[in-house]
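Asks: Sharing a structure with you now.
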Amino acid sequence: MARNLKSVAVYCGHQFGTNPKFEQDAKYVGAMLAKNGIRMVFGGGDVGLMGTVATAALENGGEVIGVSTNDVLARQEPAHPEIRVKVVDGVNERKQLMYNLSDAFIILPGGIGTLNEMSDIMTMQQIGETQKPLFFLNTAGFWEPLSDLIRHMISSGFIENMDDYRIYNADVADELEKQILAY
(Lines give C-alpha, C1' and ligand atoms only; values in the text may rest on other atoms or scores of the structure.)
Protein backbone atom coordinates (compact mmCIF):
# COMPACT_ATOMS: atom_id res chain seq x y z
CA MET A 1 0.00 0.00 0.00
CA ALA A 2 1.39 3.39 -0.98
CA ARG A 3 1.67 5.38 2.24
CA ASN A 4 2.25 8.84 0.78
CA LEU A 5 0.11 8.68 -2.32
CA LYS A 6 -3.61 8.63 -1.61
CA SER A 7 -4.77 10.07 -4.94
CA VAL A 8 -3.11 9.98 -8.36
CA ALA A 9 -4.15 11.73 -11.57
CA VAL A 10 -3.72 9.67 -14.73
CA TYR A 11 -3.16 11.59 -17.95
CA CYS A 12 -3.55 9.63 -21.17
CA GLY A 13 -5.13 9.61 -24.59
CA HIS A 14 -8.82 9.65 -25.39
CA GLN A 15 -7.94 7.28 -28.22
CA PHE A 16 -6.32 3.83 -28.09
CA GLY A 17 -3.27 4.49 -30.24
CA THR A 18 -1.81 1.95 -32.64
CA ASN A 19 -0.10 -0.45 -30.24
CA PRO A 20 -2.28 -2.93 -28.26
CA LYS A 21 0.26 -2.68 -25.42
CA PHE A 22 -1.02 0.86 -24.69
CA GLU A 23 -4.42 -0.53 -23.74
CA GLN A 24 -2.91 -3.43 -21.78
CA ASP A 25 -0.82 -1.05 -19.70
CA ALA A 26 -3.79 1.28 -19.12
CA LYS A 27 -5.73 -1.68 -17.71
CA TYR A 28 -2.77 -2.61 -15.51
CA VAL A 29 -2.45 0.93 -14.14
CA GLY A 30 -6.16 1.22 -13.31
CA ALA A 31 -6.15 -2.15 -11.55
CA MET A 32 -2.88 -1.38 -9.76
CA LEU A 33 -4.20 1.88 -8.33
CA ALA A 34 -7.41 0.22 -7.14
CA LYS A 35 -5.68 -2.80 -5.59
CA ASN A 36 -3.36 -0.49 -3.65
CA GLY A 37 -6.12 1.75 -2.34
CA ILE A 38 -5.08 4.78 -4.39
CA ARG A 39 -7.89 6.99 -5.65
CA MET A 40 -7.69 7.70 -9.37
CA VAL A 41 -8.41 11.12 -10.84
CA PHE A 42 -8.80 11.38 -14.61
CA GLY A 43 -10.38 13.37 -17.40
CA GLY A 44 -13.78 11.77 -16.96
CA GLY A 45 -14.17 10.31 -20.45
CA ASP A 46 -15.32 6.85 -21.42
CA VAL A 47 -13.17 6.69 -24.55
CA GLY A 48 -9.74 5.36 -25.48
CA LEU A 49 -7.09 4.78 -22.85
CA MET A 50 -8.89 7.23 -20.57
CA GLY A 51 -11.98 5.03 -20.39
CA THR A 52 -9.88 1.87 -20.19
CA VAL A 53 -7.87 2.96 -17.15
CA ALA A 54 -11.02 4.14 -15.33
CA THR A 55 -12.96 0.95 -16.07
CA ALA A 56 -10.05 -1.19 -14.85
CA ALA A 57 -9.90 0.78 -11.61
CA LEU A 58 -13.65 0.39 -11.07
CA GLU A 59 -13.59 -3.33 -11.89
CA ASN A 60 -11.00 -3.76 -9.14
CA GLY A 61 -12.97 -1.85 -6.51
CA GLY A 62 -11.18 1.46 -6.90
CA GLU A 63 -12.39 4.96 -6.21
CA VAL A 64 -12.40 7.09 -9.36
CA ILE A 65 -13.08 10.79 -9.80
CA GLY A 66 -13.65 12.23 -13.26
CA VAL A 67 -13.14 15.88 -14.15
CA SER A 68 -14.54 17.15 -17.43
CA THR A 69 -15.59 20.38 -19.06
CA ASN A 70 -18.96 21.63 -20.26
CA ASP A 71 -17.70 22.58 -23.72
CA VAL A 72 -16.41 20.94 -26.90
CA LEU A 73 -14.11 18.63 -24.92
CA ALA A 74 -17.12 17.05 -23.21
CA ARG A 75 -18.56 16.14 -26.61
CA GLN A 76 -15.25 14.59 -27.74
CA GLU A 77 -14.87 12.65 -24.50
CA PRO A 78 -18.35 11.47 -23.37
CA ALA A 79 -18.53 10.91 -19.61
CA HIS A 80 -17.86 7.48 -18.18
CA PRO A 81 -21.32 6.10 -17.25
CA GLU A 82 -20.24 4.55 -13.93
CA ILE A 83 -18.51 7.62 -12.51
CA ARG A 84 -19.80 10.83 -11.07
CA VAL A 85 -17.93 13.40 -13.11
CA LYS A 86 -17.16 16.88 -11.81
CA VAL A 87 -17.92 19.36 -14.60
CA VAL A 88 -15.97 22.61 -14.80
CA ASP A 89 -16.05 25.55 -17.21
CA GLY A 90 -12.88 24.97 -19.23
CA VAL A 91 -9.60 23.14 -19.70
CA ASN A 92 -7.57 25.33 -17.34
CA GLU A 93 -10.09 24.86 -14.53
CA ARG A 94 -10.10 21.12 -15.27
CA LYS A 95 -6.31 20.91 -14.98
CA GLN A 96 -6.33 22.91 -11.74
CA LEU A 97 -8.97 20.71 -10.12
CA MET A 98 -7.19 17.53 -11.20
CA TYR A 99 -3.96 18.95 -9.75
CA ASN A 100 -5.68 19.87 -6.47
CA LEU A 101 -7.25 16.41 -6.11
CA SER A 102 -3.95 14.55 -6.68
CA ASP A 103 -0.77 13.73 -4.78
CA ALA A 104 1.05 12.57 -7.92
CA PHE A 105 0.61 12.11 -11.67
CA ILE A 106 0.97 9.17 -14.03
CA ILE A 107 1.59 9.86 -17.70
CA LEU A 108 0.52 7.14 -20.14
CA PRO A 109 0.69 7.42 -23.94
CA GLY A 110 -1.49 10.18 -25.30
CA GLY A 111 -1.71 13.18 -27.56
CA ILE A 112 -1.50 16.95 -27.28
CA GLY A 113 -3.72 17.13 -24.19
CA THR A 114 -1.54 14.61 -22.35
CA LEU A 115 1.58 16.50 -23.42
CA ASN A 116 0.05 19.77 -22.20
CA GLU A 117 -0.90 18.34 -18.80
CA MET A 118 2.54 16.79 -18.36
CA SER A 119 4.23 20.02 -19.40
CA ASP A 120 2.26 22.00 -16.82
CA ILE A 121 3.43 19.72 -14.00
CA MET A 122 7.05 19.86 -15.19
CA THR A 123 6.87 23.67 -15.39
CA MET A 124 5.47 23.85 -11.86
CA GLN A 125 8.32 21.62 -10.68
CA GLN A 126 10.88 23.79 -12.48
CA ILE A 127 9.74 27.01 -10.83
CA GLY A 128 9.30 25.38 -7.42
CA GLU A 129 5.50 25.54 -7.29
CA THR A 130 5.10 21.82 -6.65
CA GLN A 131 6.96 18.85 -5.29
CA LYS A 132 4.32 16.38 -6.48
CA PRO A 133 5.95 13.52 -8.44
CA LEU A 134 5.42 12.72 -12.10
CA PHE A 135 5.58 9.07 -13.19
CA PHE A 136 5.99 8.23 -16.88
CA LEU A 137 5.04 4.81 -18.21
CA ASN A 138 7.15 4.54 -21.35
CA THR A 139 5.04 1.81 -22.95
CA ALA A 140 6.75 0.42 -26.07
CA GLY A 141 9.19 3.36 -26.01
CA PHE A 142 6.38 5.88 -26.52
CA TRP A 143 8.06 8.68 -24.53
CA GLU A 144 11.59 8.19 -25.96
CA PRO A 145 11.24 11.15 -28.39
CA LEU A 146 10.33 13.38 -25.43
CA SER A 147 13.37 12.15 -23.49
CA ASP A 148 15.53 12.95 -26.53
CA LEU A 149 14.02 16.44 -26.74
CA ILE A 150 14.66 17.11 -23.05
CA ARG A 151 18.28 15.98 -23.42
CA HIS A 152 18.55 18.32 -26.41
CA MET A 153 17.09 21.20 -24.37
CA ILE A 154 19.67 20.54 -21.65
CA SER A 155 22.60 20.33 -24.08
CA SER A 156 21.36 23.50 -25.83
CA GLY A 157 21.33 25.42 -22.54
CA PHE A 158 17.57 25.85 -22.08
CA ILE A 159 17.25 23.56 -19.07
CA GLU A 160 20.04 23.86 -16.51
CA ASN A 161 19.50 20.52 -14.83
CA MET A 162 16.79 18.12 -13.84
CA ASP A 163 18.07 17.45 -10.32
CA ASP A 164 15.17 19.17 -8.55
CA TYR A 165 12.48 17.49 -10.62
CA ARG A 166 10.56 14.56 -9.19
CA ILE A 167 10.24 12.59 -12.40
CA TYR A 168 10.25 8.82 -12.53
CA ASN A 169 10.37 6.70 -15.66
CA ALA A 170 9.32 3.09 -16.07
CA ASP A 171 9.52 1.05 -19.23
CA VAL A 172 7.09 -1.61 -18.01
CA ALA A 173 3.94 -1.41 -15.89
CA ASP A 174 5.16 -3.52 -12.96
CA GLU A 175 8.22 -1.26 -12.67
CA LEU A 176 5.85 1.73 -12.46
CA GLU A 177 3.92 -0.05 -9.71
CA LYS A 178 7.13 -0.57 -7.70
CA GLN A 179 8.00 3.13 -8.08
CA ILE A 180 4.51 4.22 -6.97
CA LEU A 181 4.52 1.93 -3.95
CA ALA A 182 8.06 2.89 -2.92
CA TYR A 183 7.39 6.63 -3.11
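Asks: Testing the spin-label approximation: label points 7 Å from Cα along Cα→Cβ at Glu63 and Ser119. State their distance in nm.
Replies: 3.3
Asks: Straight-line reach from Lys86: which lysines have Cα under 18 Å away, leaving out those fewer than 8 places along the same chain?
Replies: Lys95
Asks: Using alpha carbons only, how many degrees (0 to 90, rounded to 10) separate the axis of helix 91-100 from the longest principal axis of the chain?
Replies: 80
Asks: Relative contact order for the chain: what is it in percent, counting Cα pairs under 8 Å that are at least 6 residues apart?
Replies: Result for the chain is 24 percent.
Asks: For segment 108-178, count all C-alpha to C-alpha pairs, find those more than 22 Å apart, and express that count as a whole percent of the total.
Replies: The proportion of pairs with Cα distances above 22 Å equals 21 percent.
Asks: Further question on the same structure: Take peptides 9-19, 82-92 and line them up by average Cβ neighbours within 10 Å, highest first, as a rough protection proxy.
Replies: In decreasing order of mean packing, 9-19, 82-92 become 9-19, 82-92.
Asks: Of Lys35/Lys178; Lys35/Lys132; Lys27/Lys178; Lys27/Lys132, which pairs sit farther than 19 Å apart, going by alpha carbon to alpha carbon? Please list the in-between numbers first.
Replies: Details: Lys35/Lys178 13 Å; Lys35/Lys132 22 Å; Lys27/Lys178 16 Å; Lys27/Lys132 24 Å.
In this structure, Lys35/Lys132; Lys27/Lys132 exceed 19 Å between Cα atoms.
Asks: Taking the highest mean first, how do the peptides 121-129, 171-179 order by number of other beta carbon atoms within 10 angstrom per residue?
Replies: 171-179, 121-129
Asks: Could I ask something else about it? When the accessible area of segment 45-111 is computed with all protein chains present and a 1.4 Å probe, what percentage of it is carbon and sulfur?
Replies: Roughly 47 percent, rounded to a whole number.
Asks: Once you have the Kirkwood Rh of the chain from its Cα pairs, apply Stokes-Einstein at 37 °C and 0.692 mPa s and quote D in µm²/s.
Replies: Calculated translational D: 201 µm²/s.
Asks: Right, something else. Only bridges whose two residues both fall in the chain count here: according to DSSP, what percent of them are antiparallel, nearest 5?
Replies: Details: 1 of 22 bridges.
The answer is about 5 percent antiparallel.
Asks: With a 1.4 Å probe and all protein chains left in place, how much accessible area per residue does segment 64-183 have, in Å²?
Replies: Accessible surface, normalised per residue, equals 54 Å².
Asks: If you line up the long axis of helix 48-59 against the longest principal axis of the chain, both from Cα atoms, how many degrees apart are they, to the nearest 10?
Replies: 60
Asks: In degrees from 0 to 90, rounded to the nearest 10, what is the angle of the helix 144-155 Cα long axis to the longest principal axis of the chain?
Replies: Result, in degrees: 30.
Asks: Mind ranking 139-149, 58-68 by how tightly packed they are, going by the mean number of other C-beta atoms within 10 angstrom, highest first?
Replies: Peptide ranking by packing, descending: 58-68, 139-149.
The values are calculated or read from the model by the stated rules, or taken from the named source; none is laboratory data. Note that this is a predicted model, so its numbers are computed, not measured. All Cβ positions, even for glycine, are placed from backbone atoms using ideal geometry, and neighbour counts span all protein chains on display. Only protein heavy atoms, including side chains, enter the accessible area calculation; ligands, DNA and RNA are left aside. Shrake-Rupley method; radii C 1.70, N 1.55, O 1.52, S 1.80 Å.
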